[in-house]
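Step one of this worksheet: look at the structure below.
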Amino acid sequence: MRVLLAGSTGLVGSRVLQRLLADARCTAVVAPVRRPLALRDARLLAPVLDFDRLPEDAPWWRVDAAICALGSTLRQAGSREAFQRIDHGYPLAIARAVRAHGCTVFALNSAMGANPRSWFFYNRVKGGLERDLRALGFPSLALVRPGLIGGERAEPRPGEHAAARVLGALAPVLPKAWRINPAGRIADALVEAALAPQPGVSTIGSAQLA
């Protein structure tokens, strides 16, 4: 399968990229990026582009499956408007582009608690994206909803680090849904959803990723 991966430089996305390139089921990976990737592989195409101005007619949109691991935080984005653009606008634009070019499989790294009617802005944005992806009519749509993601980030997130220490200490007594979800486990779920797609909409919760 030919797979498009958005967010290939992030904590989860970088692991997805490694797994795709190591999987014989994947014949090619298209990984659009804002800055050139250092990684080189004969099966990897990494076009550098402006996510605010996606080239709608680029031939590399023609893929069998797409994985979206794009994501930010309010602190990193700088404002609610910027967060909405990064975590909703960009993924939806990418999904529309691949769908318009015949893609039938989409896997999203979403979040536990995603709900378009949530009182929490973060969960409301994630839920709104899930709702809008459903409306695109992908024959196979996987919504992966991790809780706190475990792993070393290139850009530190102090709040996540503190929460991870607490949850790590309490792991033996916590329900699975509240335990840390290792980035590698999330990547595995996304890759399997793309390369072995299930019909309809499927949801993979944090308990399955612990």
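Relative contact order, whole percent, for the range 1-47 stands at 38, derived from Cα pairs under 8 Å and 6 or more residues apart. Among 35-45, 193-203, the peptide with the highest mean count of other Cβ atoms within 10 Å heads the list, and the full ranking is 193-203, 35-45.
Solvent-accessible area per residue for the chain at a 1.4 Å probe radius, Å²?
Value returned for the chain: 50 Å² of accessible area per residue.
Radius of gyration (Cα atoms) of the chain, expressed as a multiple of 2.2 N^0.38 Å: 0.97. Once every Cα of the range 1-93 carries one equal point scatterer and solvent is ignored, give the base-10 log of I(q)/I(0) from the Debye formula at q = 0.14, 0.20 Å⁻¹, two decimals. Debye curve over Cα of the range 1-93, log10 I(q)/I(0) at q = 0.14, 0.20 Å⁻¹: -0.50, -0.99.
Measuring nothing but how far apart in sequence close Cα pairs (under 8 Å, 6+ apart) lie, relative to its length, the chain scores a relative contact order of 21 percent. Working from label points 7 Å from Cα in the Cα-to-Cβ sense, the Leu39 to Asp57 distance is 3.1 nm.
Packing, as the average of other Cβ atoms within 10 Å across residues, places the peptides 104-110, 126-132 in the order 104-110, 126-132, highest first.
Packing-based ranking of 137-147, 20-30, 63-73 yields 63-73, 137-147, 20-30, ordered from highest to lowest mean Cβ neighbour count within 10 Å. Computing Rg and the Kirkwood Rh from the Cα coordinates of the range 40-162 gives a ratio, Rg/Rh, of 0.97. Against the chain, whose longest principal axis comes from its Cα atoms, helix 158-170 is set at around 60 degrees. In the range 1-48, the alpha-carbon atoms span a convex hull of 63 Å³ per residue. Taking Cβ atoms as reference points and 13 Å as the exclusive limit, the residues near Asp132 contribute a net charge of +4, counting Lys and Arg as +1 and Asp and Glu as -1. With the simple spin-label model, which puts each label point 7 Å out from Cα in the Cβ direction, the Val201 to Leu49 separation comes to 2.6 nm. How far apart, in nm, are the 7 Å Cα→Cβ label points at Ala100 and Ser79? So the two model labels end up 2.7 nm from each other. Report the residue, chosen from Arg96, Arg75, Arg185, that carries the largest GNM mean-square fluctuation when the chain is represented by alpha-carbon nodes joined by springs under 10 Å. Highest fluctuation among the options: Arg75. The calculated FRET efficiency for the pair Trp119 and Thr27, based on their C-beta separation and a Förster distance of 30 Å, comes to about 0.10.
The values are calculated or read from the model by the stated rules, or taken from the named source; none is laboratory data. All values derive from a computational prediction rather than experimental measurement. All Cβ positions, glycine included, derive from the backbone under ideal geometry; neighbour counts span all protein chains shown. Remember, those area values only see protein heavy atoms, side chains included, never the ligands or the DNA or RNA. Shrake-Rupley method; radii C 1.70, N 1.55, O 1.52, S 1.80 Å.
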